[in-house]
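Here the structure is laid out as structure tokens; the discussion comes afterwards.
The values are calculated or read from the model by the stated rules, or taken from the named source; none is laboratory data. Quick caveat: nothing in here was measured; it's all calculated off a predicted structure. Here Cβ is always computed from backbone atoms with ideal geometry, including for glycine, and neighbour counts include all displayed protein chains. What goes into the accessible areas is simple: the full protein's heavy atoms, side chains included, and nothing from ligands, DNA or RNA. Shrake-Rupley method; radii C 1.70, N 1.55, O 1.52, S 1.80 Å.
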Amino acid sequence: MTRRIVVTGMGAVTPHGDLAQSVAAVAAGRSAIGPVRSFETSSFTQTLAGECLVFDPRPWFRPAKALKLTDRRTRFAVAAAAMAVADAGLDAAAVEPAGVVIGTSGSDVQTEDVGRALGGPEEGDARDIDYFAGRVLRRLNPLWLLVNLANMASAHVAIQLGARGPNSTITTDWIAGLQAIGEAARWIAGGESDLVVAGAADSGVLPFAFASFEESGFFEGGEPRFVPGEGAAAFVVEELGHARARGGRIIAEITGYASAQGDLATAARRSLDQSGTAGEDVDAVYDAAVFTPRHRHLDDAAADALFTNAPSRFECSSLLGHALAASAPVALAVAAASRPPGTILVNSVGAFGQAASIVIKGRVAA
Amino acid sequence: MTRRVVVTGIGVIAPNGRDVKSFASALAAGRSAVRPIRRFATSSYPTRIAAEIDDFEWTERTEPPAGWRTFDRITRFATAAAAQAIADARLDPAGLDRTGVVIAAGFGSYDHEEVFTSCAAGFGGDGEFDWTAFREQFRRSVKPRPAERRTPGSVPALVASHFGFRGPVMAVMTACAAGTQALGDGARWIRCGDADVVIAGGADSEIYPMGLASFCLLHALSTRNDCPERASRPFSATRDGFVLGEGSGVLVLEELEHARGRGAEIYAELLGFGSACDSFRVTDPHPDGIGAALAMKRALHQAGLSTADVDYVNAHGTSTPLNDRIESRAIRQLFGDHASGLAVSSTKSMIGHLTVAAGAVEAIATIMAIRENIAHPTINLEDPDPECDLDFVPNRARTMTIDVALSNSFAFGGQCASIAIGRYAP
Amino acid sequence: MKPLPEDLEKSVIGIVAEALSLDPREVKLHSSLMDDLGAESIDFIDIVFRLESEYDLIIPEQELWAGSMDIDANDPEAIERGVDDLRRKMPDFAWERFPGPVGKTNLPRLITVSTIVDYLRRRVDAAPAGAS
């Protein structure tokens, strides 16, 4: 018998605050984009971003020293996951067997810490390995690796929640977040878990991210210009019977998920087929779009093949910035929390042509 | 109806062999591949040894992927091992819509010059970071073409694009558990019907200046520089940390009927996968090895097997003081009386720790153990630790029937993964 | 190595408290870093790094911890003799944690803030006069 998969809790960290604040801001068309504060961007073509300036990670970490092992992504992930678990009304006993899967596009290198350890170019040449190693081994924070490992996001979420179920971190570039939610659905479908905390956390408001965007042409190409963002979204993904048995509030059903190499239309088609959803039954589409000529997304031809009508498109990265792997999951959470119940298709594409799609239905049949 | 998952192709690029045959025979011979590091100057490091792969060039029979020369080491290892596995499986690489790719791709291998000269350029010495200098140096040193800019998610995408696979694609990064995780994820896609064939594995190299430094900073590595071949000594009383290795292992996983339908040779069956988290601390394992035991238990549960069915365990066995003690405890606790009848060995005793690739390469060692009925040894085990009280197949390979085996991988972060592999029987 | 601050105890307590995100008032000289202050293995690495940066010295791996008891940690009898010495030196330590022999794997649990202070003082004494 097929196990049906539902969403029973949601949480988010965005430049606007938590999920409720984000939903309100997006509904009002309020932008969170402003000048970058965490580092100086005047020498870049883009100086703006959606930055989580009001976010305070301290309430979400116990013991307090756990924070020293975290970067921004991990902090966002832990907060969003805790919010989702609270939203789902789960207690510690219910969370103990839960799985955790977080998608993120990568990690930063703690630019300032490394620069400080190495010293300026007048002190020595970082290409000279004897000099480099001497400096790093004596002066760099010894916990540097643990701060930067991508899997720390799902590790810290599990530690803070006390979750001992299956645990994974997915890093398929910008599709990683949507993929984490879809793979969580597979864990449940295959019987490996009944309940998974799944989501994404990412930041494009980091020095190397900005420098790479600039060099890769993301900031070119007129208006609207690509605006990096950051944040997280987390979902409690649960087997329908499990959710009903504990009296959980059912927000939506995940009815389709697919990833594919090279072609978003393929991923979208597979998701819709799995969902048993005809193109014309889709009420809204979200594309985690990037506005550069090199990163074209679901183009008009592909859309024509999928949809006979033109479903409404919704968009929130112009208000929040593009939070890389977290962009599509944040949009999914905002959409699921703010729209009248309907069928939503969310798409995401990575820089190397990776594509993922998810279909959720707000009307959950008995 | 349950879809069964079998292995129909193997590719391996390891410090002790660049194809499955030489890899398996080097393991059975009990030879260490650990040597002084040759690729860069190590005089400033407390650890100056590793299991490296020298002079790595494309030697597969098929054409290298476009841009091979510009690939970083991890992408090179992954694409070469994938090409080997695909050729071994005699897969028709053209137009396979239902073939997926899941690769655990290493976290490091930064472009040293690009990253670290930029960081250094920003440090002006007056306490203020000079972001303009940072940005200018990055512009000077950056290698902008996409093929050269490896991202955490680029490796499976490049493998899929090169071979024309259009099925699901994913990168997983649960650090040192990731190689095993990727195999479990690939098997799940087949079971759930997302794919009929999955190219699954891991590739990593942490043997580069910052990689080596970052593990040295954590005091995680052996400093037995004067006798490299004896430095990786899992379960011995005198172990003092792990030794880095590098390489890639890639398997072709296939749905059984699909494999039979095209007359494929079957190496073994993936019977079950288990994942768990210690949910305890970031580096210290739970004192009772909760995550490790849960992962093994879940792998056996999915396989429909009991602990008594297991003949052999390919241990995580890193040679760090804590891991080996806790893993031994977890195995003893889970297997009870049967623990004494188990053969347990550590591939890392010979090729070091392939970090993100470890689980994939060790699964291949496990498959070959089943195929050839040889448990490879744990070498350098002359002085067993009384707190590690299992049969670790010390120092010499053992001929024995192995029908069912587990392969374990555990990570910083507490992620634990275990995979159950069995002899294929129709 | 720089001259140690006059109130070395306070300085070390400050470093330990910062590394473990604790209120310095919670950190006592006889606090076991592991049992009382919640330090795990990476915290020891972090604390050593902070001590090295603050006092401008290099602390060889294991020296700080072995130094509190000048013994062969592989000899169980030597361990217990060293522990007896410590019992006299650290009466405020919560010795009831160890009703039986302490044993090699438990040695890190004996590391207190005083262990660090004593180590630093010994390093200063051992440094040649006039060396910076």
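Specify which of the listed residues (B:Gly127, B:Gly153) is free of Cβ contacts under 8 Å to residues at least 60 places away in the same chain and under 24 Å from B:Gly11 (Cα atoms).
Details: B:Gly127 fails: under 24 Å from B:Gly11 (Cα atoms).
None of the other options fit; the residue is B:Gly153.
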TODO: Return the pairs, sorted by first residue and then second, in which the second residue is basic (Lys, Arg), the first residue lies in the stretch A:118-143 and is touching a residue at least 24 places away in the same chain (Cβ under 8 Å), the beta carbons are less than 9 Å apart, and the residues are 6+ apart or on different chains.
DONE: A:Leu140/A:Arg116; A:Asn141/A:Lys68; A:Leu143/A:Lys68
Open item on the list: Quick check on the stretch B:201-218. Is at least one of its residues touching a Pro at 6+ places or on another chain (Cβ under 9 Å), within 25 Å of B:Thr366 (Cβ to Cβ) and touching a residue at least 40 places away in the same chain (Cβ under 8 Å)?
Closed with: no
Open item on the list: Suppose we filter the stretch A:160-178 for residues that are polar (S, T, N, Q) and open to solvent by 10 Å² or more (accessible area, probe 1.4 Å); how many remain?
Closed with: 1
Task: In the stretch A:127-142, the residues that are within 19 Å of B:Val282 (Cβ to Cβ) and either touching a Ser or Thr at 6+ places or on another chain (Cβ under 9 Å) or within 7 Å of chain B (Cβ to nearest Cβ) (or both) - done: A:Leu140, A:Pro142
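Which residues, counting only those in the stretch A:246-258, are out of contact with any Ser or Thr (no Cβ under 7 Å at 6 or more places or on another chain), open to solvent by 10 Å² or more (accessible area, probe 1.4 Å) and closer than 14 Å to A:Val359 by Cβ?
First, the residues of the stretch A:246-258 that are out of contact with any Ser or Thr (no Cβ under 7 Å at 6 or more places or on another chain): A:246-247, A:252-254.
Keeping just the survivors that are open to solvent by 10 Å² or more (accessible area, probe 1.4 Å) gives A:246-247, A:253-254.
Hits for the stretch A:246-258 are A:Glu253, A:Ile254.
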- [ ] Among what's in the stretch A:296-318 and is at pLDDT 75 or above and hydroxyl-bearing (Ser, Thr, Tyr), pick the residue that is surrounded by the most Cβ atoms within 10 Å (Cβ to Cβ).
- [x] A:Ser317
Open item on the list: Step by step: first the residues of the stretch A:107-118, then only those that are open to solvent by 10 Å² or more (accessible area, probe 1.4 Å) and facing another protein chain (nearest Cβ under 7 Å), then the one that is nearest to A:Val196 (Cα to Cα). Which residue is that?
Closed with: A:Glu112
Open item on the list: Being open to solvent by 30 Å² or more (accessible area, probe 1.4 Å), part of a helix (DSSP H, G or I) and under 17 Å from A:Asn141 (Cβ atoms) narrows it down to one residue among C:Arg81, C:Arg50, C:Arg87; which is it?
Closed with: C:Arg50
TODO: Collect the residues in the stretch B:1-21 that are under 30 Å from B:Gly193 (Cβ atoms) and open to solvent by 10 Å² or more (accessible area, probe 1.4 Å), keeping them in residue-number order.
DONE: B:Met1, B:Thr2, B:Arg3, B:Arg4, B:Val20
Task: Residue ranges of helices (runs of 4 or more DSSP H) in the stretch B:198-314 with at least 3 members open to solvent by 10 Å² or more (accessible area, probe 1.4 Å) and under 24 Å from B:Pro426 (Cα atoms) - done: B:256-261, B:290-303
Task: Pairs with Cβ under 6 Å, 6+ apart, first in the stretch A:42-56 and without any contact (Cβ under 8 Å) to a residue 12 or more places away in the chain, second open to solvent by less than 10 Å² (accessible area, probe 1.4 Å) - done: A:Ser43/B:Arg135
Open item on the list: Can you tell me which of (1) more than 27 Å from B:Ala405 (Cβ to Cβ); (2) facing chain A (nearest Cβ under 10 Å); (3) surrounded by fewer than 24 Cβ atoms within 10 Å (Cβ to Cβ) is the one B:Cys192 doesn't meet?
Closed with: (1)
Open item on the list: Go through the stretch A:28-46 and report how many residues are of a type outside the set (A, V, I, L, M, F, W, C) and within 11 Å of chain B (Cβ to nearest Cβ).
Closed with: 6
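Okay, residues lined up against (1) of a type outside the set (Gly, Ala, Ser); (2) over 14 Å from C:Arg109 (Cβ atoms):
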{"site": "C:Ile13", "(1), (2)": "yes, yes"}
{"site": "C:Pro24", "(1), (2)": "yes, yes"}
{"site": "C:Lys28", "(1), (2)": "yes, yes"}
{"site": "C:Ser31", "(1), (2)": "no, no"}
{"site": "C:Leu37", "(1), (2)": "yes, no"}
{"site": "C:Ile45", "(1), (2)": "yes, yes"}
{"site": "C:Ile59", "(1), (2)": "yes, yes"}
{"site": "C:Glu77", "(1), (2)": "yes, yes"}
{"site": "C:Leu86", "(1), (2)": "yes, no"}
Open item on the list: For the stretch B:365-403: of the residues being among the acidic types (Asp, Glu) and closer than 19 Å to B:Arg332 by Cα, which is least open to solvent (accessible area, probe 1.4 Å)?
Closed with: B:Asp385
- [ ] Could you check how many residues of the stretch C:1-59 are aromatic (Phe, Trp, Tyr) and touching a Ser or Thr at 6+ places or on another chain (Cβ under 9 Å)?
- [x] 1
Open item on the list: Condition first: among the hydroxyl-bearing types (Ser, Thr, Tyr), in the same structural domain as B:Leu406 (by TED's automatic domain parsing) and in contact (Cβ under 8 Å) with a residue 12 or more places away in the chain. Can you find one or more residues in the stretch B:299-306 that meet it?
Closed with: no
- [ ] Scan the stretch A:46-60 and give yes if some residue there is at pLDDT below 95 and open to solvent by less than 30 Å² (accessible area, probe 1.4 Å), otherwise no.
- [x] yes
Task: Matching option when the condition is open to solvent by less than 10 Å² (accessible area, probe 1.4 Å) and not in a helix (DSSP H, G or I), among A:Val197, A:Val157 - done: A:Val197
TODO: Could you list all residues from the stretch A:143-153 that are more than 7 Å from chain B (Cβ to nearest Cβ) and either among the polar types (S, T, N, Q) or buried (at least 20 other Cβ atoms within 10 Å of the Cβ) (or both)?
DONE: A:Leu143, A:Asn148, A:Ala153
- [ ] Would you mind telling me which numbered condition in (1) under 24 Å from A:Ala81 (Cα atoms); (2) within 20 Å of the chain's Cα centre (by Cα) A:Ser31 fails?
- [x] (1)
Open item on the list: Among the residues that make up the stretch A:99-106, is at least one of them on the phi > 0 side of the Ramachandran plot, facing chain B (nearest Cβ under 7 Å) and part of a loop (DSSP other than H, G, I, E, B)?
Closed with: yes
TODO: Could you tell me whether A:Ala243 is under 30 Å from A:Ala92 (Cα atoms), under 19 Å from the mean Cα position of the chain (by Cα) and either at pLDDT 95 or above or buried (at least 21 other Cβ atoms within 10 Å of the Cβ) (or both)?
DONE: no
TODO: Identify all residues within the stretch B:154-166 that are surrounded by 24 or more Cβ atoms within 10 Å (Cβ to Cβ), farther than 14 Å from A:Trp174 by Cα and facing another protein chain (nearest Cβ under 7 Å); write none if there are none.
DONE: B:Leu158, B:Ala160, B:Phe165
TODO: Only one of these is at pLDDT 90 or above and in contact with a helix residue (DSSP H, G or I) (Cβ under 8 Å, 6 or more places away or on another chain): A:Gly350, A:Gly279, A:Gly362, A:Gly321. Name it.
DONE: A:Gly362
TODO: Identify the single condition in (1) basic (Lys, Arg); (2) touching a residue at least 12 places away in the same chain (Cβ under 8 Å); (3) open to solvent by less than 30 Å² (accessible area, probe 1.4 Å) that A:Lys65 does not satisfy, given that it satisfies every other one.
DONE: (2)
- [ ] Give the stretch B:298-343 a look and list any residue that's within 14 Å of chain A (Cβ to nearest Cβ) and farther than 12 Å from B:Asp389 by Cα, or say none.
- [x] B:Arg298, B:Ala299, B:Leu300, B:His301, B:Gln302, B:Ala303, B:Gly304
